[in-house]
Amino acid sequence: MASSTLQLSEQSQALVALGRGILAVDETPGTLTSRFQTLGITSTPDSRRDYRELLFRTPGLSGFITGVILNDETLRQQAADGTPMAALVAQCGLVPGIKVDRGLQPLAGAPGESVTEGLDGLRTRLQEYRDLGARFTKWRAVFTVDDRLPTTACIEANAHALARYAALVQEAGMVPMVESEVLMDGGHSIDRCQAVTEAVLRAVFAQLAAQGVHLEAMVLKPNMVVSGLAATDRAGNLEVAQRTLASLRRTVPAAVPGVAFLSGGQADAEASLNLNTINQLGVASGAPWQLSFSFARALQRAPMAAWAGRPENVVQAQQALWQRASVTHAARTGAYAPPADAAGGRR
């Protein structure tokens, strides 16, 4: 392995370090504005910066979190004291990352399905992002589930884009996070979720191999295998953990350092309990990967509500994030106690 690849491998391992995980704060300005509006918060570049800055400055956060995923706006901003945002993140003991895809577009000839765009000009953007301080990246592909979707065309198109993205990121000297999200929306069974998840992961790793991506120098960000949100009889956490680990064993090479699960619309407590059981079973069965997390709303929901856009609520919001991060840390180590989880609610 070349020395640069070895360095990326070490960085990948650090991102999924035992007991810790990744905080995703990479919502676009439009998405964050929508969430702010729900809470009566005015959305401006400064208010979005202030919110994210209070998260990063949360005392003790680096004990639970290794890195944070930013979006383009945040990475280019300065903190209130003039510190470049990536430098602030690093000063807080966290690794700055960046979401590099440009969102979903309808997939031609495939009604109801999407493909992630952003490969054009990506090599140039990656160099700029690295110069701004980013050290890892994320690209998200999504897959809608029903009795006929996703189609093979959708799976192959998104797997190919993920692999080309990952190869370019490693070329630029950063760690690619490969996110393949099988959506929870709908009433599908856990059987259907598992079948789709395995089909997606098989295609993704086939394309990663075809594009020469070094598996030791990446992080996988998949969904857990769960029932659809509208399913009448949703599977419990033990079945979720068993099926999730079975799917990973069938599709994910042991060379991958870590799996950082997305929460994907689960309630805060549900995501914690599922992560906890996955780690308990994973350790007991000798899973070859670190079983980590890369949560967005499951970590942000409580502090955003506590902050409510008011400077006097910063400490309260930071305490809410610390609580959520500590609970998720416990789940990451298989030591989660549900009564300690005070936050709930779905996405």
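For labels at E312 and E117 in the simple 7 Å Cα→Cβ model, what's the distance in nm?
So the label points at E312 and E117 sit 4.6 nm apart.
For a Förster distance of 45 Å, can you work out the FRET efficiency between the beta-carbons of T152 and S62, rounded to the nearest 0.05?
0.60
How far apart, in nm, are two points set 7 Å out from the Cα along the Cα-to-Cβ line at A209 and at S47?
With each label point 7 Å from Cα toward Cβ, the separation is 5.0 nm.
If you plug each phi of segment 174-183 into the Karplus form 6.51 cos²θ - 1.76 cosθ + 1.60 with θ = phi - 60°, what whole-Hz ³J(HN,Hα) values come out, in order, with x for Gly and Pro?
10, 8, x, 9, 9, 9, 10, 9, 7, 5
Along the Cα-to-C-beta direction of T232, a point sits 7 Å from the Cα; which residues of segment 183-208 have their amide N less than 17 Å from that point?
Within reach of a label on T232, which here means backbone N under 17 Å from a point 7 Å along Cα→Cβ, segment 183-208 contributes 186-192.
Does a label point 7 Å from the Cα of S189, set along Cα-to-beta-carbon, have any residues of segment 136-167 with amide nitrogen under 20 Å, and which are they?
Counting backbone N atoms under 20 Å from the label point, the list is 144-151.
For segment 3-340, rounded, prolate or oblate, judged on the Cα gyration tensor with a ≥ b ≥ c (square roots of eigenvalues), a/c < 1.5 rounded, else prolate if a/b > b/c?
Here segment 3-340 falls in the rounded category.
Can you compute the helix-only [θ] at 222 nm over the chain? Use -39500 (n - 2.57) per DSSP H run of at least 4 residues, normalise by all residues, nearest 500 deg cm²/dmol.
Values: 12 runs with 162 residues, N = 347.
After summing the helix terms and dividing by residue count, I get -15000 deg cm²/dmol.
Counting only residues 5 or more places away or on other chains, whose amide H sits under 5 Å from the amide H of V95 once H atoms are built in the peptide plane?
Sorted by chain and number, the residues that satisfy this are G67, V68.
So who's got an amide H within less than 5 Å of the one on V225, skipping anything under 5 residues away but keeping other chains? H placed 1.01 Å off N, in plane.
Answer set, sorted by chain and number: T244.
Quick check: pseudo-label points 7 Å beyond the Cα along Cα→Cβ at R249 and A90, how many nm apart are they?
Once both label points are built, they end up 4.2 nm from each other.
Since every read-out is calculated from the coordinates, none of them should be taken as a lab result. Nothing here was measured: the structure is a model prediction, and the numbers come from that model. Methodologically, a virtual Cβ is constructed for each residue, glycine included, from the backbone with ideal geometry; neighbour enumeration extends over all protein chains shown.
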